[in-house]
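The values are calculated or read from the model by the stated rules, or taken from the named source; none is laboratory data. What you see is a predicted model, and the numbers here were worked out from it, not measured in a lab. Accessible surface areas use protein heavy atoms only, side chains included; no ligands, DNA or RNA. Shrake-Rupley method; radii C 1.70, N 1.55, O 1.52, S 1.80 Å.
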Amino acid sequence: MNTAVAATTAQRAPAIALAQVGKTYTGDVRALDDVSLTVEHGTFLAVMGPSGSGKSTLMHCAAGLDSPTSGSVRIDGLEITGLDETRRTELRRERVGFVFQAYNLIPSLSIEDNITLPLRLAGRRPDLEWVGTLVERVGLAGRLDRRPAELSGGQQQRAAVVRALVAKPAVVFADEPTGALDLRSAHQVLDLLRALVDDLGQTVVMVTHDPAAAARAHRALVMADGRVVESMDAPTAARLAGRLASLGEW
Ligand code: ADP
Ligand code: MG
């Protein structure tokens, strides 16, 4: 890497930067307790932890779906706390992609229309060459005119991954993306997410209950009681399962 490129890389803000983020729900539930976290571009981060430990709240705050009670959230260098709901919605459309456990495809629309719908809702024209590249990449070329029900669960989730990527977001958030899939389809979706990170430099944050799934990430966080209690580089399923067991989860 030449020095000019190195300097540019060094100056690029992280994909996600949380500083002392707190979230208290009514009834005094402290869902996030001063969480600080940096996710660099081109990394695959898994988030684990017992039920109720704050994983979803962390993801919602980091993605601009919800506002923290305190602290700062930056997406790709842009401070999002303090933005009104309209601006936050715009920002999500431009910089964030989502993949959910239930693929959330619209049954009456073709796969192609499902994939391009978020962009069209944002009044943007899809980059058809990019869509073509992605569709080829996930093995759905030739199935674009099908309805979701005509595809397997794994294929539907791969379509949902393409939909999350069409706007070239800074970060893709995936909440239990393999939770509804059989083992083989789950592997394919995890392979796909990992390849997007390794080959395209995409940033992915994935919440999962499955240590084997989290072991596909570059780094795994373990949460407990609204805090990050462990940050593991190159995690293995065995080490993650051990750490979760120590929290009474397994
Ligand atoms: P996880 O995703 O790890 O299961 P959550 O982030 O969903 O955890 O929840 C963290 C804590 O915040 C839990 O105690 C949960 O009951 C509480 N919580 C989550 N959402 C709400 C809400 N909308 N109102 C009140 N409490 C909530
Ligand atoms: Mg949750």
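Remarks
- 1.4 Å probe accessible area per residue over the chain, in Å²: 47 Å²
- At 1.002 mPa s and 20 °C, Stokes D of the chain from Kirkwood alpha-carbon radius, µm² per second: 114 µm²/s
- Note: relative contact order over the chain, using C-alpha pairs below 8 Å and six or more positions apart, is 26 percent.
- With N the number of residues in the range 36-181, Rg(Cα) / (2.2 N^0.38 Å) evaluates to 1.09.
- Computed per residue of the chain from DSSP H runs no shorter than four, each worth -39500 (n - 2.57), the mean residue ellipticity at 222 nm is -11000 deg cm²/dmol.
- Relative contact order for the range 150-250, counting Cα pairs under 8 Å that sit 6 or more residues apart, in percent: 21 percent
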